[in-house]
Amino acid sequence: MTLIKSISGIRGTIGGPMGDNLTPIDIVKFTTAYARFIASKHDAGHRLRIVVGRDARISGDMVNAIVEGTLLGCGVDVINVGLCTTPGTEMAVITYKADGGIIITASHNPKQWNALKLLNEKGEFLNDAEGKQVLALAEDEEFEFPQIDDIGKVVQRGDFNDEHIRQVLAMRLVDAEAVRRRHFKVVVDAVNSIGGVVIPKLLRELGCEVVELNCEPNGQFAHNPEPLAENLCEISEVVVREKADLGVVVDPDVDRLAFISEDGTMFGEEYTLVAVADYVLSKGVGNTCSNLSSSRALSDVTVAHGGSYAASAVGEVNVVTKMKQTGAVIGGEGNGGVIYPELHYGRDALVGVALFLTYFAGLDVTMTELRKRYPAYYASKNKIQLTPSIDVDRVLCEMKSRYAGERVNDVDGVKVDFAECWVHLRKSNTEPIIRIYAEAKSQAEADALAERFIAEIREVCGIE
């Protein structure tokens, strides 16, 4: 069992001894620390309001009750939006002008996991410095809770999903009527979480015929919840059998989006953002951003439209920071996360669906034909297990030195950009592992590039 404390919050497995898992005691401890952190940003007389939302995990009710009660005990008023997506909870913070938010979700982790993801008053994840403050406060046991007249209250309890859908459909670049005229047939796999409520409803608002697969939000994930090809055999078969135009896949908290083409093949998680960016940039030149481990295809599409591309360190908060610095009009991560700042700075599968279908409705092509329009890149993702005695930073420094004659980016590990391919080396924050991601114009080339760097790292480390 595992408890992982990070700058963005706390996640772990349910059950077991406290301190080693996400137990009720740990939930109280970190919720209290977060409430104290938010309070420190305001004058003493300010009455705090925090939004709480959760995905459909089995442990969601339990964790929600503890989080809500702890916030009330800390003197915080609560807006509880109940079963809600991660982007929906972020939007609720903005809409209700709250002081922050807690999302109860472990994203794509298996059902035994849950987590507290922490938001600021902009509905965005805490940055590195803020996250470290929360972790420090969690170790301070000197906090005195408010007296009875100063405890918080639940000021609002209700669904926010319809409002989220309304705001998505009202976006400037969403043409709902154009989508409705196409009468798309769409298969949805929402892995038995909140996406099973919001995605079919959004699609029906857009005039689509919807075939629901794993859409009952009971937390009993029908398959590994990460939206990767090896986990999506069922929907691929259903798309073909139903003669659907496409399939839509989301993870349990609905911030990642993947498409299935009409022939049952993966459109590609990396190409969710590429296609949406292609549409957004076709309506006006602008800059884009993704993380260093994302496909070069986004850069290619951006340059083709006359814009500039920038890469950030891995992690949504880092992408958002870089987007703001560069004025990016669209961005995200290659795991299917679309960030469209016109609505909000957060990965949002609903935004991705609405923008993509508007784009697709204006094209006389199939999904497979659209995919062929984009540069073809193939990824190879690997890792090397190292001994604790190996200085990973020294290893990465040596690799950077070896390739000093190439384009090298060291803001997050070492990324080496060659003319036709790239490789990204990153260390794990929790264990002695180096991750090696490579991309090239064929799978064989990507695998060979990764193996070459693995061999060089082993040589530097003295590993046989």
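Tabulated results
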quantity	calculated
The range 382-464: trypsin sites (Lys or Arg not before Pro) falling in loop per DSSP and having at most 16 other Cβ within 10 Å	Lys441
Where N is the number of residues in the range 262-323, Cα Rg divided by 2.2 N^0.38 Å	1.15
Fraction of alpha-carbon pairs over 21 Å apart in the range 378-461 - percent	21 percent
Helix-only [θ]222 nm of the chain, DSSP H runs n ≥ 4, -39500 (n - 2.57) each, per residue, nearest 500	-11000 deg cm²/dmol
Cut-off 18 Å, label 7 Å out along Cα→Cβ of His183, residues of the range 235-278 by amide N	242-246
14 Å beta-carbon shell around Val329, net charge (K/R +1, D/E -1)	+2
DSSP-assigned coil residues among chymotrypsin sites (Phe, Trp or Tyr not before Pro) in the range 396-442, each with at most 14 further Cβ atoms within 10 Å	Phe418
Quotient of Cα Rg and 2.2 N^0.38 Å for the chain, N being how many residues it contains	0.98
Alpha carbon centroid spacing (whole Å) that separates the range 164-179 from the range 254-275	20 Å
Ranked by how many other beta carbons lie within 10 Å on average, peptides 94-104, 276-286, 363-373 from highest	94-104, 276-286, 363-373
Local net charge near Arg241, Cβ-Cβ under 13 Å (Lys/Arg +1, Asp/Glu -1)	-3
Computed E for Lys97/Asp61 - FRET, C-beta separation, R0 30 angstrom, nearest 0.05	0.65
Projected area averaged over orientations for the range 3-158, convex hull of C-alpha atoms, nm²	8.4 nm²
Mean-position separation - Cα centroids, the range 67-146 and the range 351-396, in angstrom	29 Å
DSSP beta bridge pairing in the chain, given as percent antiparallel to the nearest 5	55 percent
Nearest-0.05 FRET efficiency for Arg47 and Ala448, computed from C-beta distance (R0 56 Å)	0.40
Sequence ranges 147-156, 181-190, ranked by mean other-Cβ count within 10 angstrom, highest first	181-190, 147-156
Cα centroid of the range 441-464 to Cα centroid of the range 299-345, whole Å	29 Å
Overall Cα dimensions of the range 164-371, principal axis frame, Å, largest first	43, 34, 31
By average C-beta atoms within 10 angstrom, highest first, the peptides 165-172, 86-93	86-93, 165-172
Once the Cα gyration tensor of the range 290-420 is diagonalised, semi-axes √(5λ) in Å	31, 18, 15
Kyte-Doolittle mean at least 0.5, axial Cα span of 20 Å or more - DSSP H helices of the chain	24-39, 269-282
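FYI, it's all coordinate maths here, none of it is from the lab. Computed from a predicted model, the values in this text were never measured in an experiment. Note that we place each Cβ from the backbone using ideal geometry, even for glycine, and neighbour counts take in every protein chain shown.
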